[in-house]
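See below for the structure under consideration.
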Amino acid sequence: MSDWDFLHDMHNDGYSAEQIADAAACGYNSWEWQPLDEKELPDIHQQVNPELIKIFESLVDSAKSYHALTERYLQIWGELGELYAEIKYSIKRHKPHTRGSDGKLGDDYIEIKTMSPEKSGSLVKVKLAGNFNKLLIIRITKDFAFEGHFLKRKELIKGDGIHAHASWPNKIN
């Protein structure tokens, strides 16, 4: 039995072509998973202030509305990326203007870089002088969808001496 036999089983069980294509893209049949009761799920947002989530959503809605009205983007990408990281990954951010890193996740010091929809390439530049051992790249798409990708410091591409570069991964689904 191959790893992809489940696709044939899905066809035989009457799943639609779209459902089979989605399953092929993610590598498993997501429709055979049983939903979990809320009590069974780990509460990763337990320490996140619910008011912070509301503010983040309000800022994103305001940025969307502003762009729809003016066809210009509000230049608040860094803060949106850091708020998203705090909410999504439970990163404990440092006080404002703290040098070296943006926050902590467990024992790791995290530097957060945000890629805006205006960014044409997939590279970000980060100062090597920073006190961080992981880089979190947050990508915001033109439709204001957010994604994150962690890199270890040793995975960074050495740059011009004071900077290193990191690339957004090309994910093939």
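The numbers here are math on the coordinates, done by the rules we state, and not lab data. Here the structure is a predicted model, which is why all the values come from computation and not from measurement. No Cβ is skipped: glycine too gets one built from the backbone with ideal geometry, and neighbour counts run over all protein chains shown.
If the Kirkwood radius is taken over C-alpha pairs of the range 92-138, then at 37 °C and 0.692 mPa s the Stokes-Einstein diffusion coefficient equals 287 µm²/s.
Here the range 40-118 was treated as a single set of alpha-carbon atoms; its pair distances binned every 5 Å from 0 give 3, 14, 21, 22, 18, 12, 7, 3, 0 percent.
Under the shape rule built on the C-alpha gyration tensor, where the axes satisfy a ≥ b ≥ c, the range 50-167 is oblate, since a/c reaches at least 1.5 while a/b does not exceed b/c.
Looking at the range 81-128, the GluC sites (Glu not before Pro) that sit in a DSSP loop and have at most 15 other Cβ atoms within 10 Å of their own Cβ are 118. Highest average first, the peptides 88-100, 55-67 ordered by how many other beta carbon atoms sit within 10 Å of their residues are 55-67, 88-100.
Available extension along the chain between residue 65 and residue 141 is 25.9 nm, counting 0.36 nm per residue and deducting the alpha carbon span.
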